[in-house]
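Reviewing the structure listed below.
The values are calculated or read from the model by the stated rules, or taken from the named source; none is laboratory data. Remember, it's a predicted structure, so these values are computed and weren't measured experimentally. Here Cβ is always computed from backbone atoms with ideal geometry, including for glycine, and neighbour counts include all displayed protein chains. In case anyone asks, the SASA skips ligands and DNA or RNA and just uses the protein heavy atoms, side chains included. Shrake-Rupley method; radii C 1.70, N 1.55, O 1.52, S 1.80 Å.
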Amino acid sequence: VRIGFQGVNDLLDLIDAAADFTWEVDAEGKFSFVSGPLALGYVPGDLIGRAPQDFALADGADIIFNGSGPHGGAELWMRDATERPVCLLVQGQPLTPGGPFRGARGLARDITAQKAREAELAEARHRERLVVHERLVQPARLAGRQHRGEQIEVATLQAGAGGQIGDI
């Protein structure tokens, strides 16, 4: 039975399982270390010396990558090597907490697929609310208007061969 970490390789395996890439920025806010097979679709060495803001689609990357973002991480939309938008969950901490800024390090995880699923779910819920509204609320309103004696015109759409599509 193996208990605990047996060495640096075990720790690196754990880190790789937790994030798509690990990073460190120097006092100037530029990448000084990047690990992982492809960080934003780049070979890690291609990011060294570049600022995270160079890849960001909005302002704020410098704040997130200096370790002052939320402890649980912050979402940040960036461009990958193919110019495709990618949403990263970035977590980090300053190298010298409470002291002068000398850099920061942390983890980044690509959550683009998760964000797409969330958007699809929100869209499906919206469509469901529209269907419920059309099937329950609209007929109830029409019935209420008819009950009050109001004249209601109902249009019928015709299909090409004269078949009914539905009432409006």
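Okay, residues lined up against (1) at pLDDT 90 or above; (2) within 15 Å of ASP26 (Cβ to Cβ); (3) not in a helix (DSSP H, G or I):
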site	(1), (2), (3)
PRO70	no, no, yes
CYS87	yes, no, yes
ARG109	yes, no, yes
LEU121	no, no, no
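Condition check for LEU76 on (1) assigned to a strand (DSSP E or B); (2) within 20 Å of GLN114 (Cα to Cα); (3) open to solvent by 50 Å² or more (accessible area, probe 1.4 Å): one failure, at (3). Residues that are surrounded by 11 or more Cβ atoms within 10 Å (Cβ to Cβ) and part of a loop (DSSP other than H, G, I, E, B) within the stretch 89-101 comprise LEU95, THR96, PHE101, listed in sequence order.
If I filter the stretch 46-66 down to residues being more than 19 Å from the chain's Cα centre (by Cα), in a loop (DSSP other than H, G, I, E, B) and not basic (Lys, Arg), which single residue comes out as nearest to ARG102 (Cα to Cα)? The qualifying residue nearest to ARG102 (Cα to Cα) is ASN66. Just one of the listed residues (GLU24, GLU83, GLU118) is open to solvent by 90 Å² or more (accessible area, probe 1.4 Å) and not β-branched (Val, Ile, Thr), namely GLU83.
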